[in-house]
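Here's the structure, in structure tokens; my notes come after.
The numbers here are math on the coordinates, done by the rules we state, and not lab data. Computed from a predicted model, the values in this text were never measured in an experiment. Neighbour counts run over all protein chains shown; Cβ positions are idealised from the backbone, glycine included.
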Amino acid sequence: MEQIIKAIINKRHEVEVSHASQIDIKKLSDKQYHVVHNGDSILVEVLRYSPRSKKISLSIDDVVYDIDFKDAVDVMVERMGLDDISGNEAADCIAPMPGLVLDILVQPDEAVEAGQPIVILEAMKMENVIKASIACTIDEIRVAAHETVEKGQILVTYK
């Protein structure tokens with residue numbers, strides 16, 4: 001399966017790059033890199049980098065580019081339409097993809113915060129942490145550890 005990374009540049013331009021793309025990068029110093037892409041030679045300076053928030057600021061020819069990255073899992077979740085969860089109601093926690101439940105991190109009647117890990121799901125040889133979309137109380141756990149689940153299957157319901 002081809003790995004795709006999506007970059008949103010200056011919150012306006014969206015670019016998708018596959019790992020098969022022909023990019024050659026040579027580190028010149030802690031913050032400077034020489035990049036060759038499609039025959040173009042570019043000198044890049046890294047101004048800021050935050051792997052946790054998947055953000056990087058680069059300077060190329062004295063122009064600053066603020067880039068938000070989405071890795072292969074982020075892109076897949078977006079393509080499945082699961083990235084657009086909004087509102088104040090807690091939707092049931094569903095499996096964003098088929099996989100194996102590795103661990104359930106909550107119990108019924110437990111209060112959870114928005115963003116709190118609920119279930120660990122292994123899919124495509126990667127561990128995916130499924131988190132609560134909003135602060136709520138766990139109602140029912142509908143799966144068990146080591147159970148195989150399908151995309152869209154309800155894992156946990158909220159009160």
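Summary table
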| quantity | calculated |
| --- | --- |
| Cα gyration tensor shape of the range 90-158, rounded if a/c is under 1.5, else prolate or oblate by comparing a/b with b/c | prolate |
| Calculated FRET efficiency for the pair residue 66/residue 31, C-beta based, R₀ 25 Å, to 0.05 | 0.95 |
| Nearest-0.05 FRET efficiency for residue 144 and residue 14, computed from C-beta distance (R0 41 Å) | 0.55 |
| The range 27-61: trypsin sites (Lys or Arg not before Pro) in DSSP loop, at most 11 other beta carbons within 10 Å | 52 |
| Residue 122 versus residue 105: modelled label distance in nm, points set 7 Å from Cα along the beta carbon direction | 1.7 nm |
